[in-house]
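Student: Take this structure first; my questions come after.
The values are calculated or read from the model by the stated rules, or taken from the named source; none is laboratory data. These numbers come from a predicted model, not from an experiment. Reconstructed Cβ throughout: ideal geometry from the backbone, glycine too, with neighbour counts over all protein chains shown.
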Ligand SMILES: [Zn+2]
């Protein structure tokens with residue numbers, strides 16, 4: 001399952017050792033997507049922990065608009081925390097990441113479409129980019145750059161939750177409070193996971 005880390009290079013190969021370190025690293029894009037409460041941030045954290053244990057340098061980011069649990073941490077719904085730099089624009093991630101081998105990005109759905117290009121550039125430069133994000137919004141429709149990222153990612157992990165109504169696997173995020181804007185920032189009190197049968201989207205004309 002964890003086939004996401006760069007393959008170890010055979011350093012005894014003289015052809016390989018002539019290449020620069022950057023050229024020999026295998027960059028890739030990995031996406032973890034699903035509805036709320038499906039464990040996306042937890043998976044992101046697990047991967048970061050494994051990368052650090054493998055001696056890789058990791059830089060973690062989150063979208064600056066997500067201030068649910070404080071600006072400088074990725075926090076799972078069950079309370080695990082990891083430091084992350086808040087950024088408002090995907091273009092800033094590459095420069096802020098310094099010489100990190102692995103770049104983790106949480107709440108990817110809040111970035112605009114430039115996230116896709118930014119991830120591709122970082123992967124081409126030999127970095128492993130791992131993005132977690134919601135694939136569908138409150139209306140069950142594509143959320144930000146996540147579906148486009150799924151098209152080009154080297155590995156896509158789709159996470160499911162348990163439907164709060166019937167207990168079947170849930171792929172949708174049910175909004176439980178009136179729609180004020182399109183953002184889906186909120187905790188357990190504002191949303192619950194639902195399966196496709198139990199999901200009831202808000203009126204379409206409220207989607208911006
Ligand atoms: Zn259901």
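Student: Checking residue 194 against (1) more than 16 Å from the ligand (Cβ to nearest atom); (2) over 16 Å from the mean Cα position of the chain (by Cα), which test does it fail?
Tutor: Here residue 194 clears every test but (1).
Student: Return a yes/no flag: does segment 109-126 have any residue that is touching a helix residue (DSSP H, G or I) at 6+ places or on another chain (Cβ under 6 Å) and in a strand (DSSP E or B).
Tutor: no
Student: Select from segment 88-105 the residues that are buried (at least 17 other Cβ atoms within 10 Å of the Cβ) and modelled with pLDDT under 95 and list them in ascending order.
Tutor: Correct list: 94 only.
Student: Output the number of the condition that residue 167 fails; it satisfies all remaining conditions of (1) more than 15 Å from the ligand (Cβ to nearest atom); (2) at pLDDT 95 or above; (3) surrounded by fewer than 21 Cβ atoms within 10 Å (Cβ to Cβ); (4) part of a loop (DSSP other than H, G, I, E, B).
Tutor: Going through (1) more than 15 Å from the ligand (Cβ to nearest atom); (2) at pLDDT 95 or above; (3) surrounded by fewer than 21 Cβ atoms within 10 Å (Cβ to Cβ); (4) part of a loop (DSSP other than H, G, I, E, B) one by one, residue 167 breaks only (1).
Student: Here is a follow-up. At pLDDT 95 or above, in a helix (DSSP H, G or I) and more than 16 Å from the ligand (Cβ to nearest atom) - does that describe any residue in segment 134-147?
Tutor: The answer is yes; a qualifying residue exists.
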